[in-house]
Amino acid sequence: MKKAILLLMHQGKSYTEEVAAATAGLGLTLVALSSRPEMPEALEASRRHLADCVVTEEPELHSGDVEKAVRELADRGYRVEAALATFEGYRLLMAELNDRLGARDCAEPALRLCLDKYALRRHLFAEKLSDVRVHRITPGSPPNSTPPHAGS
């Protein structure tokens, strides 16, 4: 079995060439899981830098896709050691898989908080690490309404 890094790609796009170079420098093989690309040529450009690639039928990746790809890649001779995602939308999938694989990564709850800008600002305010007050703007709100206090 070849030790591999799994690159999570959105519709065939990522920094594949750069990631392949870094992966090779670590003595690892780069494989990928991609959501179905709108334009097939996007994926074809990336494939040149990959040892193997699994493509879903959906335009977006989900947790089940990652699990299925890891099993399929294992059947093809690759042992996924860790995951990498350059697309922010797949960052939680990356952390989830890395946790299961025992690869070092951010804890999923902390990462989820950091990716939710509103929740993060409220958390920083509550911990007295920021005095920035935030409020959620909702459709139909009058533009000059008084925003609620961030701590409430």
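The values are calculated or read from the model by the stated rules, or taken from the named source; none is laboratory data. Keep in mind that this is a model prediction, so the values were computed, not measured. Don't worry about glycine lacking a Cβ; one is built from the backbone with ideal geometry, like all the others, and counts go over all protein chains shown. In case anyone asks, the SASA skips ligands and DNA or RNA and just uses the protein heavy atoms, side chains included. Shrake-Rupley method; radii C 1.70, N 1.55, O 1.52, S 1.80 Å.
What to note about this one:
- Only residues that are without any contact (Cβ under 8 Å) to a residue 24 or more places away in the chain and either open to solvent by less than 20 Å² (accessible area, probe 1.4 Å) or under 14 Å from residue 83 (Cα atoms) (or both) were counted across the range 1-20, and they come to 0.
- Among (1) within 13 Å of residue 97 (Cα to Cα); (2) surrounded by fewer than 21 Cβ atoms within 10 Å (Cβ to Cβ); (3) at pLDDT 95 or above - the single one residue 63 does not satisfy: (3)
- Residues in the range 21-32 that are touching a helix residue (DSSP H, G or I) at 6+ places or on another chain (Cβ under 9 Å) and free of Cβ contacts under 8 Å to residues at least 40 places away in the same chain: 30, 32.
- For the residues 111, 93, the requirement of being outside the structural domain of residue 132 (by the TED database) and either of a type in the set (A, V, I, L, M, F, W, C) or touching a Leu at 6+ places or on another chain (Cβ under 9 Å) (or both) singles out 93.
- Filter result (free of Cβ contacts under 8 Å to residues at least 40 places away in the same chain and among the aliphatic types (A, V, I, L, M)) within the range 87-103: 92, 95, 101, 103
- Selection count where residues are touching a helix residue (DSSP H, G or I) at 6+ places or on another chain (Cβ under 8 Å) and surrounded by 13 or more Cβ atoms within 10 Å (Cβ to Cβ), scope the range 50-59: 6
- The range 106-140: number of residues that are assigned to a loop (DSSP other than H, G, I, E, B) and either modelled with pLDDT of 85 or more or open to solvent by 60 Å² or more (accessible area, probe 1.4 Å) (or both): 16
- Remark: residue 9 matches the filter, which requires a residue to be more than 30 Å from residue 123 (Cα to Cα), of a type in the set (A, V, I, L, M) and outside the structural domain of residue 123 (by the TED database).
- Identity of the residue in the range 66-104, buried (at least 21 other Cβ atoms within 10 Å of the Cβ) and among the aromatic types (Phe, Trp, Tyr), that ends up modelled with the lowest pLDDT: 90
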